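**Student:** Supplied in structure tokens, the structure appears directly below.
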């Protein structure tokens, strides 16, 4: 590490942070998310008519809730700009 100086330390810290985020997501999908999905499945099973409009609306609501729960702690945003250089762009918009 001494040959690379502070740049290698920065890369090592960022790599450790990246792996911490990856392992947290693996842990969440193996533990917490299954419990939450079980609750949503129990709610879906309590719906009497799955083929009606009401059943379809409830299903869409449950899917939306599950999607929101998965992405809750990952506020990823990207920028779409009309210019090649972001720092000179005037028409940039943030999207979720």
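**Student:** With r as the distance between the Cβ atoms of residue 66 and residue 9 and R0 = 35 Å, compute the FRET efficiency 1/(1 + (r/R0)^6) and round to 0.05. Intermediate results must be reported in sequence, preceding the final value.
**Tutor:** Values: r = 40 Å, r/R0 = 1.13.
Rounded to the nearest 0.05, the efficiency is 0.35.
**Student:** Calculate the FRET efficiency for residue 45 and residue 19 from the Cβ-Cβ distance with a Förster distance of 35 Å, rounded to the nearest 0.05.
**Tutor:** The computed FRET efficiency comes out at 0.40.
Quick note: the coordinates plus some simple rules give every number you see, no bench work behind them. Predicted model, so just to flag it, every value in this text is computed and none were measured. Please note: Cβ atoms are built from the backbone with ideal geometry, for glycine as well, and neighbour counts cover all protein chains shown.
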